[in-house]
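The structure appears right after this line, and notes come after that.
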Amino acid sequence: MPAADYGRLLAESGHPLGFNLIVRDIAAALPFHLEVLEANSVYHDPDIAVLQRQGAQWMLHAHHTYDAHPWHPVLASDAMRGVATELRLFGRDPDQAESIAAGLGFRILQGSADKPHGLREVFIVDQDGFVWAIGKACTR
């Protein structure tokens with residue numbers, strides 16, 4: 001689908017919020033999203049990936065697609081991209097996600113635990129430094 005058509009489709013989808021993560025390399029980012037988050041790939045190529053889970057849809061863009069963007073100098077550096085951002089995914093078993101992430105070599109920032117706010121959560125850092133809080137309702 002041409003980019004302009006896809007952009008219009010997003011704007012007319014009825015979902016008022018979406019996000020786009022700028023990553024170093026699409027192929028390197030996909031295992032985290034597909035295996036740890038259990039997202040479905042709608043589309044991907046070396047420049048962009050469109051992912052979906054439980055009705056939510058998000059995109060990954062390779063930082064080289066932002067060459068003319070004011071952020072480019074920061075994106076081209078080794079700066080941790082996700083500082084002060086916590087991305088939350090609900091409905092995914094945190095213990096299973098933690099096990100898969102650890103097996104793939106991702107950093108477990110905080111292991112799976114029941115939290116006072118009623119969720120069992122794990123905090124995992126992806127390959128680009130984004131922190132993902134993955135959780136589901138506690139069974140207790």
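The values are calculated or read from the model by the stated rules, or taken from the named source; none is laboratory data. Remember, predicted model here, so these are calculated numbers, not experimental data. So basically every Cβ, Gly included, is an ideal-geometry build from the backbone, and we count neighbours across all protein chains shown.
Restricting the first member to the stretch 30-45 and to residues that are within 21 Å of Pro94 (Cβ to Cβ), and the second to residues that are in a loop (DSSP other than H, G, I, E, B) and polar (S, T, N, Q), the beta-carbon pairs closer than 9 Å and six or more apart or on different chains are Pro31/Gln127; Phe32/Gln127. Annotation: Leu51 fulfils all but one of (1) closer than 17 Å to Gln127 by Cβ; (2) assigned to a helix (DSSP H, G or I); the unmet one is (2).
Matching residues to (1) closer than 21 Å to Leu10 by Cβ; (2) of a type outside the set (Val, Ile, Thr):
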{"residue": "Val23", "(1), (2)": "yes, no"}
{"residue": "Ala29", "(1), (2)": "yes, yes"}
{"residue": "Ala49", "(1), (2)": "yes, yes"}
{"residue": "Pro70", "(1), (2)": "no, yes"}
{"residue": "Glu86", "(1), (2)": "no, yes"}
{"residue": "Ala101", "(1), (2)": "no, yes"}
{"residue": "Phe106", "(1), (2)": "no, yes"}
{"residue": "Gly118", "(1), (2)": "no, yes"}
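Residues in the stretch 19-33 that are modelled with pLDDT of 95 or more and surrounded by 16 or more Cβ atoms within 10 Å (Cβ to Cβ): 6 in all. Of the residues making up the stretch 36-45, one or more are over 19 Å from Gly129 (Cβ atoms) and either among the acidic types (Asp, Glu) or in a helix (DSSP H, G or I) (or both).
The strands (runs of 3 or more DSSP E) found wholly in the stretch 61-140 and carrying at least 1 residues that are loosely packed, with under 12 Cβ neighbours inside 10 Å occupy 86-90, 131-137. Only a single criterion out of (1) within 24 Å of Gly105 (Cα to Cα); (2) modelled with pLDDT of 90 or more; (3) surrounded by 11 or more Cβ atoms within 10 Å (Cβ to Cβ); (4) out of contact with any Ser or Thr (no Cβ under 7 Å at 6 or more places or on another chain) is not satisfied by Asp45, namely (3).
Any residue that is among the β-branched types (Val, Ile, Thr) and touching a Leu at 6+ places or on another chain (Cβ under 8 Å) - is there at least one of those in the stretch 39-47? Within the stretch 39-47, one or more residues are among the β-branched types (Val, Ile, Thr) and touching a Leu at 6+ places or on another chain (Cβ under 8 Å). Annotation note: Cβ proximity below 6 Å between a residue of the stretch 105-127 that is on the phi > 0 side of the Ramachandran plot and a residue that is surrounded by fewer than 17 Cβ atoms within 10 Å (Cβ to Cβ) and part of a loop (DSSP other than H, G, I, E, B) (sequence gap 6+ or interchain) occurs for Gly118/Cys138.
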